[in-house]
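Here the structure is laid out as C-alpha cells; the discussion comes afterwards.
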Amino acid sequence: MERYNIPHPEIYEIIVSEYPDNTAKQAGESISKDVKDLPSIPITFATGDTMIPVARAVTNFEVDFSKVQAFHLDEYWRYPPDGKYSFIKFLYQNFFIPLGIDQRNIHTLNGLAKDPQKEVDRYEKLVTKHKIGLVILGIGPGGHIGFNESGTPFDSRTHLAQLSSETITRDQILRGQDTPNQALTQGIRTILEADRIILIAYGEEKGRILKKALHGDITPECPASALRLVGNKVTVLVDEKAGNLVK
Ligand code: F6R
C-alpha cells in the first residue's frame, strides 16, 4: 500500500501508512528533517507504546541530535525518576541516550517535587523561554494529550493533573502499573504554542478516539480536538487501521 493523505478542513496533513512500523518510520523521517534544518531545535517528547517504534525509527536516520534541546511532556507525581514506569527513564532509554542528546540540553519535570505548583511554574517558564519547535504526541483515553485529561481547559499551562478514571484503569489495571493517580504535564496551551506538532496513532482503538478529536466538536471534553485550533501546524500520522476510522 502506498501512503495516502486524508483531506481535513483544519489539519495541515493526515497521512496514512499501512502498518505501525511504516507510520513510525515516517515520524522518524519528519523529526529528523526538523533536526537537520535546525540542529538546536527544542523538542518535546512523549512516552508510551506509540513512541517505541518511533524512537527506533528516528535513531536509524543517524542525524546528529546532540544539540537538540529536549523536553519532557509529562511525568507521574509523586514518582521517582528511576521507578519502573518513570517517563523520564523511558525517554533516556529510548530517545535521549540512543540519539546522543547532550545531558546539558535535557530539561525534565521532577516527579518527586515536594511543591508541585512551584515545579510546574518553573518548567512552564523554561518551556516558554526556549520556544518549542516540535512537539511529538500520542493520544490516549478520552482523547488526552500529555496528561491533559477530558475537561482540561484549552488555555491550561503546565500543571498537576488528576488522572481520569479511564486513564487510571488503562495504567493500573490493564497495564498493571503501580503508578500514582496524578501527574505533572505540559498544558494544552503550552503544547499549542509549539511551531509544529506531530501526533502519531496506530490501531482501531486509537482510530476511534482520533475520529472524535478530528471530526467531533472542538471541546475540552476531547483535549486532542484543541489541535484543530492550530491545525495548520499539525501533522497526524496513522496506520491503516486507525486511518480507516478517520476518513
Ligand atoms: C505520555 C503521553 C500520553 C500518551 C498516551 C498514549 O507521555 O503523553 O498522552 O501519548 O497516553 O499512550 P500509549 O502510546 O502508551 O498508548
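Just so it is clear, none of the values below were taken in a lab; they were calculated from the coordinates. Given the structure is predicted, the values throughout are model-derived calculations rather than measurements. Note that each Cβ is placed from the backbone with ideal geometry, even for glycine, and that neighbours are counted across all protein chains shown.
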Give the order of 72, 159, 215 when sorted by the count of other beta carbons within 10 angstrom, beginning with the fewest. 215, 159, 72
Relative contact order computed over the chain (Cα-Cα under 8 Å; 6+ residues apart), in percent: 25 percent
If you place +1 on the Cβ of every Lys and Arg, -1 on the Cβ of every Asp and Glu, and leave all else neutral, what size is the dipole of the chain about its Cα centre, to the nearest 20 Debye? 360 debye
Nonlocal amide H pairs with residue 236, under 5 Å, H built at 1.01 Å: 13, 14, 15, 199
Give a quick list of GluC sites (Glu not before Pro) in region 181-233 that DSSP marks as loop, anything other than H, G, I, E or B, with at most 15 other Cβ atoms within 10 Å. 221
Restricting things to alpha carbons, tell me how big the chain is in terms of Rg and Dmax, in Å. 16.6, 51
Relative contact order for region 103-247: what is it in percent, counting Cα pairs under 8 Å that are at least 6 residues apart? 28 percent
Could you tell me which residue out of 242, 98, 201 lies farthest along the dipole of the chain toward its positive end? Charges go on the beta carbon: Lys and Arg +1, Asp and Glu -1, centred on the Cα centre. 98
How would you classify region 40-166 from its alpha-carbon gyration tensor, with a ≥ b ≥ c the square roots of the eigenvalues: rounded for a/c under 1.5, else prolate if a/b is greater than b/c, otherwise oblate? prolate
Give the order of 169, 190, 59, 179 when sorted by the count of other beta carbons within 10 angstrom, beginning with the fewest. 169, 59, 179, 190
Counting Lys and Arg as +1 and Asp and Glu as -1, what is the net charge of the other residues whose Cβ lies under 11 Å from the Cβ of residue 218? -1
About the Cα centre of region 26-108, how large is the charge dipole given +1 on each Lys and Arg Cβ and -1 on each Asp and Glu Cβ? Please answer in debye to the nearest 20. 180 debye
Need the full-extension length gain, residue 108 to residue 93, defined as separation in residues times 0.36 nm minus the C-alpha distance. One decimal, nm. 4.0 nm
What value, in deg cm²/dmol to 500, does the helix sum -39500 (n - 2.57) over DSSP H runs of n ≥ 4 give at 222 nm once divided by the residues of the chain? -9000 deg cm²/dmol
Mind checking region 1-81 for chymotrypsin sites (Phe, Trp or Tyr not before Pro) that DSSP puts in a loop (not H, G, I, E or B) and that have at most 14 other Cβ atoms within 10 Å? 12
If a/c stays under 1.5 just call it rounded; otherwise compare a/b with b/c (prolate if a/b is bigger, oblate if not). Do that for region 78-121, with a ≥ b ≥ c from the square roots of the Cα gyration tensor eigenvalues. oblate
